[in-house]
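Colleague: Before we start, here is the structure in question, set down as structure tokens.
The values are calculated or read from the model by the stated rules, or taken from the named source; none is laboratory data. Everything numeric here is computed off the predicted structure, so don't read it as measured data. As a convention, Cβ positions derive from the backbone with ideal geometry for all residues, glycine included, and neighbour counts pool all protein chains shown. Side chains included, ligands, DNA and RNA excluded: accessible areas come from the protein's heavy atoms. Shrake-Rupley method; radii C 1.70, N 1.55, O 1.52, S 1.80 Å.
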Amino acid sequence: MSKNTVLTLVGSLRAGSTNHKLAEAIALNAPEQVEVVIHDSLGNIPFYNEDIDVEGQVPAAAAALRAAANAADTLLLVTPEHNGTVPASLKNAIDWLSRPYGAGALSGKPTAVVGTAFGQFGGVWAQDEARKAVGIAGAQVLEDVKLAVPGSMVRFAEVHPKDDAEVVEQIKGVFDALAQARTVEAA
């Protein structure tokens, strides 16, 4: 039996990002039959522009993102909240993955959105905006997958999310939902 691949895109580019740490915790808690691939080059992708999205001229970082998404079984977006919405780096990745219109790498792809933020709601506004954007881009959004960890800068100041029992339990729920989406898709 081959492993299911979950391509994970982290919206924070900051070294030491709590969202990157959350993505690491997700990878460490993946079931045996799941491979979590964290795509770390969102900061290298130029802003989407149709003038450079031309066959033979697509920037290498954007082409690599598309190839990784096409090869993945599911996508997982891990997002902080920047001024109440999704970070530009993650929105830009969604824009690249949405093209060509109707046939982009997101088309029909089961996609979940999770994250952590400093505020008391854990970045739910950014998560909602990311779900909206990937849904419009053609992804099969897993609306029931919820993982929003509030107070990230304090909560994870001395504890990695992989060592937070509550977060680890919520991660298991994320994988259950991803597995269920794959089962439905295969049927």
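Colleague: Quick check: residue separation of Asn49 and Met153 times 0.36 nm, minus the Cα distance between them. What number comes out in nm? Could the numbers behind the result be given before it?
Modeller: Details: separation 104, 0.36 × 104 = 37.44 nm, distance 3.43 nm.
Here the segment from Asn49 to Met153 would lengthen by 34.0 nm.
Colleague: Report, to the nearest 10°, how far helix 124-136 tilts away from the longest principal axis of the Cα atoms in the chain, using its own Cα long axis and a range of 0 to 90°.
Modeller: On a 0 to 90 degree scale, this one is about 30.
Colleague: At 1.4 Å probe size, put Trp125, Trp96 in order of accessible surface, largest to smallest. Walk me through the numbers on the way to the answer.
Modeller: Values: Trp125 160, Trp96 0 Å².
From most exposed to least exposed: Trp125, Trp96.
Colleague: Same structure, new question: Defining a contact as two alpha carbons under 8 Å apart and six or more residues distant in sequence, what relative contact order in percent does the chain show? Spell out each step's value before the answer.
Modeller: On the way: 362 pairs, mean separation 44.9, N = 187.
Computed over the chain, the figure is 24 percent.
Colleague: A further question on this structure: To the nearest 0.05, how large is the calculated FRET efficiency for Lys132 and Val168 if R₀ is 41 Å and r is the Cβ-Cβ distance? The partial results should precede the final answer.
Modeller: On the way: r = 28 Å, r/R0 = 0.69.
Efficiency for this residue pair is about 0.90.
Colleague: What GluC sites (Glu not before Pro) does region 116-165 have in DSSP loop regions with at most 14 other beta carbons within 10 Å?
Modeller: Values: sites: Glu129, Glu143, Glu158; in loops: Glu143, Glu158.
For GluC sites (Glu not before Pro) across region 116-165 that sit outside H, G, I, E and B with at most 14 neighbouring Cβ atoms in 10 Å, the list reads Glu143, Glu158.
Colleague: Could you please state how large a percent of the accessible area of the chain is carbon and sulfur, counting protein chains only and using a 1.4 Å probe?
Modeller: On the way: 4860 of 9300 Å².
Answer for the chain is 52 percent, counting heavy atoms of protein chains only.
Colleague: So, one more: May I ask you to give the solvent-accessible area per residue for the chain, in square angstrom, as obtained with a 1.4 angstrom probe?
Modeller: On the way: 9300 Å² over 187 residues.
Result: 50 Å² per residue.
Colleague: So if each residue of separation counts as 0.36 nm, and I subtract the Cα-Cα distance between Gln120 and Gln180, what length gain in nm does that give? Kindly include the intermediate steps, with their values, before the conclusion.
Modeller: Numbers: separation 60, 0.36 × 60 = 21.60 nm, distance 2.97 nm.
18.6 nm is the gain from fully extending Gln120 to Gln180.
Colleague: Using a 10 Å cut-off on Cβ atoms, rank the peptides 168-177, 49-58, 19-28 from the highest mean neighbour count down.
Modeller: Working: 168-177: 16.3, 49-58: 9.4, 19-28: 22.1.
Descending mean neighbour count gives 19-28, 168-177, 49-58.
Colleague: What FRET efficiency comes out for Tyr101 versus Thr5 if R0 is 30 angstrom and r is the Cβ-Cβ distance? Round to the nearest 0.05. All intermediate terms of the calculation are to be shown ahead of the outcome.
Modeller: Details: r = 25 Å, r/R0 = 0.82.
FRET efficiency, Tyr101 to Thr5: 0.75.
Colleague: Accessible area, 1.4 Å probe, largest first: how do Arg14, Arg66, Arg131, Arg99 sort?
Modeller: Working: Arg14 115, Arg66 35, Arg131 10, Arg99 80 Å².
From most accessible down to least: Arg14, Arg99, Arg66, Arg131.
Colleague: Which pairs in the list Lys91/Lys146; Lys3/Lys162; Lys132/Lys162; Lys109/Lys172; Lys21/Lys146 are over 24 Å apart, alpha-carbon to alpha-carbon?
Modeller: Working: Lys91/Lys146 19 Å; Lys3/Lys162 22 Å; Lys132/Lys162 28 Å; Lys109/Lys172 20 Å; Lys21/Lys146 17 Å.
Over 24 Å Cα-Cα: Lys132/Lys162.
Colleague: Same structure, new question: Run the paramagnetic zone check for Leu28: 7 angstrom along Cα to Cβ, then residues of region 129-164 with backbone nitrogen under 18 Å.
Modeller: Label zone hits: 149, 152-164.
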